[in-house]
Number of protein chains: 2
Amino acid sequence: MTSHAASPVLVPPRPRGNAELPGRLALSAATTAGAHLRIEDVHGWLADRDRAHRFEVERIPFAGLDAWSFHPETGELGHRTGRFFTVRGLRARIEGDPATEWEQPVIEQPEVGILGILAKEFGGVLHFLMQAKMEPGNRNLLQLSPTVQATRSNYTRVHQGAPVRYLEHFVRPERVVADTLQSEHGSWFYRKANRNLIVETDGEVETHDDFCWLTLGQIHALLRWDNVVNMDARTVLSCLPFPDAAPGALHPDTEVLSWITGERSRHDVRTELMPLAQVRGWIREEHRIRHEHDRYFDVIAVRVRAGSREVTSWTQPLFEPRGLGVTAFLTRRIGGVPHYLVHARVEGGFLDTLELGPTVQCVPGNFAHLPPDRQPRFLSTVLAAKPDRIRYEAVHSEEGGRFLNAESRYLVVEADEEEAPTTPPEGYRWVSAGQLTWLVRHAHYINVQARTLLACLYAMET
Amino acid sequence: MTSHAASPVLVPPRPRGNAELPGRLALSAATTAGAHLRIEDVHGWLADRDRAHRFEVERIPFAGLDAWSFHPETGELGHRTGRFFTVRGLRARIEGDPATEWEQPVIEQPEVGILGILAKEFGGVLHFLMQAKMEPGNRNLLQLSPTVQATRSNYTRVHQGAPVRYLEHFVRPERVVADTLQSEHGSWFYRKANRNLIVETDGEVETHDDFCWLTLGQIHALLRWDNVVNMDARTVLSCLPFPDAAPGALHPDTEVLSWITGERSRHDVRTELMPLAQVRGWIREEHRIRHEHDRYFDVIAVRVRAGSREVTSWTQPLFEPRGLGVTAFLTRRIGGVPHYLVHARVEGGFLDTLELGPTVQCVPGNFAHLPPDRQPRFLSTVLAAKPDRIRYEAVHSEEGGRFLNAESRYLVVEADEEEAPTTPPEGYRWVSAGQLTWLVRHAHYINVQARTLLACLYAMET
């Protein structure tokens, strides 16, 4: 340094990484005896919370919606304040030979929400504060959610409800474990992203009946049950920086990035919002907007009466998919290291062309009218898998604040070279769990379905 | 594994990183005696290539453009094939109190181009194949460019020119050193990204008069000269995975990511393309489109006659900025480690809200009419810096295929605590060079001006 520059500030440089964190996460994952609730009591606690509140969800015609209406010209379905979300039209075109083009209803919700889990050590083991939260679209209504699940409308109090509990820990985080924008469903949302945030605190945290502290070992056990851990919790949990237990991978990291860059470059995707009233192939009826062939999803409306939600009664639209989805990773040991087959998926609502999804992600019913050679790739392998090839299986719901009964069987299925070769078809690649963990630290890489599976991989491997 | 799953494939896992590469890059950076050309001969070689071709660029009225015209309704300026690029209108709105809203002409060029540098060892030292390339917008026309600089129109041969030399090395790369999509100027382009690609080969590479192999040490020496290394070369060079020489940083990586996520979340930016004819505050004349107060840039047209370019003569529009830019990092040693002050910059053309830019990035002339308290932050510190505080300074051009005489003084200036505190204003953060290198591996983090400075940091530090 030159002489007259300020004397060096006496701050010791801090390590760029957090060397202790992976071990602390591993310890929490190995601990199934939590400091607060036994795993066998969680279901009882959830049932108890369910009884403590009276939740009712009933379908209503669009005409029964309060404060929501179709715009007289565009046909868009929005809230009178312009907040929350709007159902609009989307036109998507993927160039190619032939080009693929379609139109559909889509949810536009440009504001970034916070999905936050608070972490704290009890007895030297990290626990995570989970909430028993009602969402109108969940079949069982009450599931385990993040500590905080707040849209900007929530925390700016547009709907005049109660303040969001624990939000202050995420607005000014004490010690960040992970913090990334992550996309949501590219087939239903237009460029929606939420902030996935895990914050550790050393301070006292007031407890509340609807919240409980659980170790990762306990959460992982609950992830093996159907419809217990909600989507928002799963996506946040997928962002935990678990240690990479494996010594390497089939493709070095630079090759994986290069493959993603190449996939992004070769796809020419154009999308634009359009008036919902002009979307071709979709029919608006009194109770729903449906596809002309009764495929994909319906847009419907519900009335919700709830005790624990911020306000006691409201109406809102929801998307209701047609049929149960199948969302699966094929897995193989390659060179002794478990690998997962990711698919570079173009979805109309993604901000940046494509993200890595599971090997299979579809609602099989949408393809029932098509011949075998036009079925989704690898679907038959997943559906035909014998029980001893299934390393993970559970039914989980997608975000119950926007989707009604949107459920999918999430699976991890062992495959062999014949079913899923080491050199897979164009658009697919084998990556290790460590590589998924490395990529999910950044936005735009791993889609929400693959993030659920990533959270389940952690659960599976403990 | 279960018994009937395929026997494990006998592929040894490969390391996820490339342990040798950083040392090999450092060796190339330390080598100024290249195997092919001496550094003192590069200017002569460039002058020689300049003489070998006859380049002429002349300004013409818009009416003199061949194959380019204004759309009769939208006023958009495009090529009759619909390819290359189109000058359209952009409306941008940043919510806030008060909200900022403006309209401007913008270049739309949705296709992803390839910027590729080929690398090869000679005498055990990595050399990089650089091209003497003419671009009509460069003041000195001929500069050092990447091996390949190809739009999709180039390599699909829309303009019927000659094939792009060496392109095959990048279409099917032998060994990838770096490969990332990177944004270009968010103030002039709408969501433009190019593939920044460095590929190493062991094979024989045919040479050509317009190309030369240089070590990084030689390229770094040339980066200290004005207008020698073009923008496309600088952005590709910034992606080289140099080793992190420092032991740590002021903020651990997770804190840096969390800060970026927070900055993205708190900015609500809405942008949309609009008809150029309706853009408020811009005036179309016979020779140019200009801002009503003669600020920012003009859209103009040129005729180019060239020998070495793919076709021998053509016309095209260019953006011509008003005045010389100032693009600078403030730097300080914090805990003994050099840090650089990045700015989370919203630019209307960015795909994802904001990217990290230099401490200062502006054309001072655009602010000349404003009082001192509305000048760009830190500009006065940069402009007032005494020579012994200036660690790097050179004038470089932006992309000469789209911009005419778009030049900026690039600087790295030492600051002290008073000028630039360790806890900087909102929207600014101190990061180490190693953290910039780590972030530039992924898209959407480091803007093109900061990437030029990053390439110069490598040059500065050797």
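Summing +1 for each Lys or Arg and -1 for each Asp or Glu, what net charge is found among the other residues whose Cβ lies under 10 Å from the Cβ of A:Val176? Write down the numbers at each step before the final one.
Values: positive: A:Arg175; negative: A:Glu174, A:Asp179, A:Glu200, B:Glu255.
Around A:Val176, the surrounding residues sum to -3.
Report the rotationally averaged projected area of the stretch A:29-176 based on its alpha-carbon convex hull, in square nanometres. Write down the numbers at each step before the final one.
Numbers: hull surface 57.8 nm².
Dividing the Cα hull surface by four gives the mean projection, 14.4 nm².
Total accessible area buried between chains A and B, 1.4 Å probe, in Å² to the nearest 100? Walk me through the numbers before you get to the answer.
Numbers: alone 20930 and 20930 Å², together 36200 Å².
Buried area (both sides, nearest 100 Å²): 5700 Å².
Within 10 Å of each Cβ in peptide B:171-181, how many partner chain Cβ atoms are there on average? Round it to a whole number, please. Spell out each step's value before the answer.
Values: counts 1, 0, 3, 0, 2, 8, 2, 4, 9, 6, 8.
The shielding value for this peptide is 4.
Defining a contact as two alpha carbons under 8 Å apart and six or more residues distant in sequence, what relative contact order in percent does the stretch A:164-204 show?
Numbers: 47 pairs, mean separation 17.6, N = 41.
Here the relative contact order equals 43 percent.
Rounded to the nearest angstrom and ordered from largest down, what semi-axes does the equivalent ellipsoid of chain B get from its C-alpha gyration tensor (root of 5λ)?
Working: eigenvalues 217, 180, 113 Å².
Working through the eigenvalues yields semi-axes of 33, 30, 24 Å.
For chain B, what's the relative contact order in percent, using C-alpha pairs closer than 8 Å and at least 6 residues apart? It would help to have the intermediate numbers written out before the result.
Details: 981 pairs, mean separation 96.1, N = 462.
Relative CO of chain B lands at 21 percent.
Based on the inverse mean of 1/r over its pairs of different Cα atoms, what is the Kirkwood hydrodynamic radius of the stretch A:247-286, in Å?
On the way: mean 1/r = 0.0699 Å⁻¹.
So the Kirkwood estimate lands at 14.3 Å.
Rounded to the nearest 500, what is the protein assembly as shown's calculated 222 nm mean residue ellipticity when only DSSP H runs of at least 4 contribute -39500 (n - 2.57) each, over all residues? Kindly include the intermediate steps, with their values, before the conclusion.
Values: 20 runs with 173 residues, N = 924.
Helices in the protein assembly as shown give a 222 nm mean residue ellipticity of -5000 deg cm²/dmol.
Given Cα positions, please report Rg to Rh for the stretch A:127-259, the hydrodynamic radius being the Kirkwood one.
Values: Rg = 16.9 Å, Rh = 17.0 Å.
Over the Cα atoms of the stretch A:127-259, Rg/Rh equals 0.99.
Where the convex hull is taken over the Cα atoms of the stretch A:204-254, what is its projected area averaged over directions, in nm²? Mind dumping the intermediate values first?
Details: hull surface 25.4 nm².
Projected over every direction and averaged, the Cα hull of the stretch A:204-254 covers 6.3 nm².
How much of the DSSP beta bridge set in the protein assembly as shown is antiparallel, as a percent to the nearest 5?
On the way: 175 of 215 bridges.
That works out to approximately 80 percent antiparallel.
Taking each pair of distinct Cα atoms in the stretch B:267-410 once, what is the resulting Kirkwood hydrodynamic radius in Å? Write out the running numbers ahead of the final one.
Values: mean 1/r = 0.0553 Å⁻¹.
One decimal place: 18.1 Å for the Kirkwood radius.
With equal scatterers on the alpha carbons only and no solvent term, can you work out the Debye log10 of I(q)/I(0) for the stretch B:284-356 at 0.14, 0.17, 0.26 1/Å?
Those come out to -0.79, -0.92, -1.13, one per q.
P(r) for the stretch B:383-462: what percent of alpha-carbon pairs falls in each 5 Å bin, starting at zero?
Result returned by the calculation: 3, 11, 19, 21, 24, 14, 6, 1, 0.
Shape of the stretch A:35-122 from its Cα gyration tensor (a ≥ b ≥ c, root eigenvalues): rounded if a/c is under 1.5, otherwise prolate when a/b > b/c, or oblate? Walk me through the numbers on the way to the answer.
Values: a/c = 2.62, a/b = 1.67, b/c = 1.57.
It is prolate, given that a/c is not under 1.5 and a/b is the larger ratio.
Nm distances between the label at A:Gly336 and the same-position labels in the remaining copies, 7 Å along Cα→Cβ, shortest first?
Counterpart label points of A:Gly336 in the remaining copies fall at 3.8 nm.
Which of rounded, prolate or oblate describes the stretch A:98-201 when judged by the alpha-carbon gyration tensor and an a/c cut-off of 1.5?
Working: a/c = 1.95, a/b = 1.74, b/c = 1.12.
Since a/c reaches 1.5 and a/b is larger than b/c, the shape of the stretch A:98-201 is classed as prolate.
Determine the shielding of peptide B:255-264 by partner chains: average, over its residues, the number of Cβ atoms on other chains within 10 angstrom of each Cβ. Can you show the working numbers first?
Working: counts 7, 1, 8, 9, 2, 5, 13, 8, 0, 6.
Shielding by partners across B:255-264 averages 6.
How charged is the neighbourhood of A:Asn194? Take every other residue with its Cβ under 10 Å from the Cβ of A:Asn194, and add Lys/Arg as +1 and Asp/Glu as -1. Before the final figure, lay out the partial values.
Values: positive: A:Lys192, A:Arg195; negative: A:Glu111, A:Glu184, A:Asp232, A:Glu399.
So the surrounding residues net to -2.
Find out how many positive minus negative residues lie around B:Glu393, taking Lys and Arg as positive, Asp and Glu as negative, among other residues whose Cβ is under 10 Å from that of B:Glu393. Walk me through the intermediate numbers first.
Working: positive: B:Arg224, B:Arg391, B:Arg409; negative: B:Asp226.
With Lys, Arg at +1 and Asp, Glu at -1, the net is +2.
So which residue of B has the beta-carbon closest to the axis that swings B onto A, and how many whole Å away?
Reported as residue, whole Å: B:His442, 3.
Give me Rg over Rh for the stretch A:107-148, both radii from the alpha carbons and Rh done the Kirkwood way, two decimal places.
On the way: Rg = 13.9 Å, Rh = 12.4 Å.
With Rg and the Kirkwood Rh in hand, the quotient comes to 1.12.
Longer than 32 Å from Cα to Cα, which of A:Lys133/A:Lys192; A:Lys120/A:Lys192; A:Lys120/B:Lys192; A:Lys120/A:Lys386 are they? Say none if no pair is.
Details: A:Lys133/A:Lys192 22 Å; A:Lys120/A:Lys192 30 Å; A:Lys120/B:Lys192 43 Å; A:Lys120/A:Lys386 41 Å.
Result: A:Lys120/B:Lys192; A:Lys120/A:Lys386 exceed 32 Å.
At 1.4 Å probe size, with the rest of the protein present, what percent of the exposed accessible area of chain A is carbon and sulfur atoms? Write down the numbers at each step before the final one.
Numbers: 8840 of 18100 Å².
Reported share for carbon and sulfur atoms: 49 percent.
Under the definition of Cα pairs under 8 Å and six or more residues apart, what whole-number percent is the relative contact order of the stretch B:313-393? Intermediate values should be presented prior to the final figure.
On the way: 78 pairs, mean separation 22.0, N = 81.
Computed over the stretch B:313-393, the figure is 27 percent.
Per 10 Å bin, what is the whole-percent P(r) computed from every C-alpha pair distance within the stretch A:238-334?
10, 20, 24, 24, 19, 3
Once Rh for the stretch A:194-279 is found with the Kirkwood sum over Cα pairs, what is the Stokes-Einstein diffusion coefficient at 4 °C and 1.567 mPa s, in µm²/s?
Numbers: Rh = 18.3 Å.
The Stokes-Einstein estimate is 71 µm²/s.
For B:331-340, what's the mean count of beta carbons from other chains sitting within 10 Å of each residue's beta carbon?
Numbers: counts 2, 5, 8, 6, 7, 6, 5, 1, 3, 0.
If you average over the peptide's residues, the count of other-chain Cβ atoms is 4.
To the nearest whole percent, what portion of all C-alpha pairs in the protein assembly as shown is separated by more than 48 angstrom?
Working: 104770 of 426426 pairs.
The answer is 25 percent, as a whole percent.
The values are calculated or read from the model by the stated rules, or taken from the named source; none is laboratory data. Here the structure is a predicted model, which is why all the values come from computation and not from measurement. Using ideal geometry, Cβ is built from the backbone for each residue, glycine included, and neighbour counts are taken over all protein chains shown. Quick note on the areas: whole protein, heavy atoms, side chains included, nothing else; ligands and nucleic acids left out. Shrake-Rupley method; radii C 1.70, N 1.55, O 1.52, S 1.80 Å.
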